[in-house]
1. Restricting the search to segment 9-50, which residues are small (Gly, Ala, Ser) and either within 23 Å of Leu185 (Cβ to Cβ) or assigned to a helix (DSSP H, G or I) (or both)?
2. Return yes when Ala63 is in contact with a Leu (Cβ under 8 Å, 6 or more places away or on another chain), among the small types (Gly, Ala, Ser) and over 30 Å from Gln154 (Cα atoms) and no when it is not.
3. Test of understanding: among Ala41, Ala59, which residue is modelled with pLDDT under 95, under 30 Å from Leu95 (Cβ atoms) and surrounded by fewer than 15 Cβ atoms within 10 Å (Cβ to Cβ)?
4. So, Glu183, is that one over 18 Å from the mean Cα position of the chain (by Cα), at pLDDT 90 or above and not polar (S, T, N, Q) or not?
5. Collect the residues in segment 69-112 that are over 27 Å from the mean Cα position of the chain (by Cα) and not hydrophobic (A, V, I, L, M, F, W, C), keeping them in residue-number order.
6. Name the single residue that is modelled with the lowest pLDDT among those in segment 113-125 being surrounded by 15 or more Cβ atoms within 10 Å (Cβ to Cβ) and assigned to a loop (DSSP other than H, G, I, E, B).
7. Only one of these is touching a residue at least 24 places away in the same chain (Cβ under 8 Å) and touching a Ser or Thr at 6+ places or on another chain (Cβ under 6 Å): Lys106, Lys52, Lys100. Name it.
8. Go through (1) without any contact (Cβ under 8 Å) to a residue 40 or more places away in the chain; (2) assigned by TED's automatic domain parsing to the domain that holds Ala139 for Leu38 and report which single condition fails.
Amino acid sequence: MPIVSLKQLKERYRGILAGETGDDEILEECIDRAQDFLEAASHRVLEPFTMKRMYKAPADGGACLLVDIDLLSVSQVINGDGEVLTPHYWYLEPLNGYPKHAICTKNGAYWTSDESEGEFIQITGKWGFAAPATRGYAAAQQAVVYMAAYIYTQRDAQQFDVTSFVEGGAITVPDGIPRSVQEWLKRASRILV
């Protein structure tokens with residue numbers, strides 16, 4: 001689901017009159033394409049969602065379980081042995097920022113899992129880059145607006161893609177991508193290891 005509505009695009013982008021409806025279907029497609037591009041280029045999921053995800057215990061026996069996508073909050077942690085771990089036994093990293101990238105044990109708790117027995121750590125929570133009503137979410141929305149508007153205005157232009165290097169690696173971007181979108185990608189791109 002897009003983080004920007006058609007109404008928001010029309011309100012924020014002056015090149016489209018709010019009362020015009022002739023290109024609404026095209027504009028909605030531009031929003032979808034813009035968000036898909038930004039998610040692929042940044043290695044992030046922009047729209048928060050709730051789900052249970054399964055993990056193996058850290059191979060090195062470490063206290064911190066790295067999660068594979070951005071984490072906003074946790075509602076339940078079930079260790080691989082079936083024990084429910086309350087927040088008394090874990091904390092999220094980084095301590096002072098979002099999104100979170102790891103769940104670390106404390107107070108004598110440790111991660112367990114047994115792949116051969118189908119016993120995995122289960123983390124239920126809200127996953128995504130930023131929660132609605134936060135600066136990170138607003139910045140992501142603005143990047144989607146700028147990119148959607150760019151796609152809309154360039155739909156008939158004869159331009160070619162170029163390769164750009166972001167901290168996470170090389171990405172192919174449309175020629176002339178708005179500078180504000182490029183800056184957002186530099187700040188928001190997740191580095192994959």
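The values are calculated or read from the model by the stated rules, or taken from the named source; none is laboratory data. Since the structure is predicted, the reported quantities are computational estimates derived from the model, not experimental observations. So basically every Cβ, Gly included, is an ideal-geometry build from the backbone, and we count neighbours across all protein chains shown.
1. Residues of segment 9-50 that are small (Gly, Ala, Ser), as a first pass: 15, 18-19, 22, 34, 40-42.
Within segment 9-50, Gly15, Ala34, Ala40, Ala41, Ser42 meet the criteria.
2. Details: in contact with a Leu (Cβ under 8 Å, 6 or more places away or on another chain): no; among the small types (Gly, Ala, Ser): yes; over 30 Å from Gln154 (Cα atoms): yes.
When the stated conditions are applied, Ala63 does not pass them.
3. Working: Ala41 fails: surrounded by fewer than 15 Cβ atoms within 10 Å (Cβ to Cβ).
When all the criteria are applied, what remains is Ala59.
4. Values: over 18 Å from the mean Cα position of the chain (by Cα): no; at pLDDT 90 or above: yes; not polar (S, T, N, Q): yes.
No, not satisfied.
5. Asp81, Gly82, Glu83, His88, Lys106, Asn107, Gly108, Tyr110, Thr112
6. Once the filter is applied, the top-ranked residue is Ser113.
7. Numbers: Lys106 fails: touching a Ser or Thr at 6+ places or on another chain (Cβ under 6 Å); Lys100 fails: touching a Ser or Thr at 6+ places or on another chain (Cβ under 6 Å).
Of Lys106, Lys52, Lys100, the one residue that is touching a residue at least 24 places away in the same chain (Cβ under 8 Å) and touching a Ser or Thr at 6+ places or on another chain (Cβ under 6 Å) is Lys52.
8. Leu38 satisfies all of (1) without any contact (Cβ under 8 Å) to a residue 40 or more places away in the chain; (2) assigned by TED's automatic domain parsing to the domain that holds Ala139 except (1).
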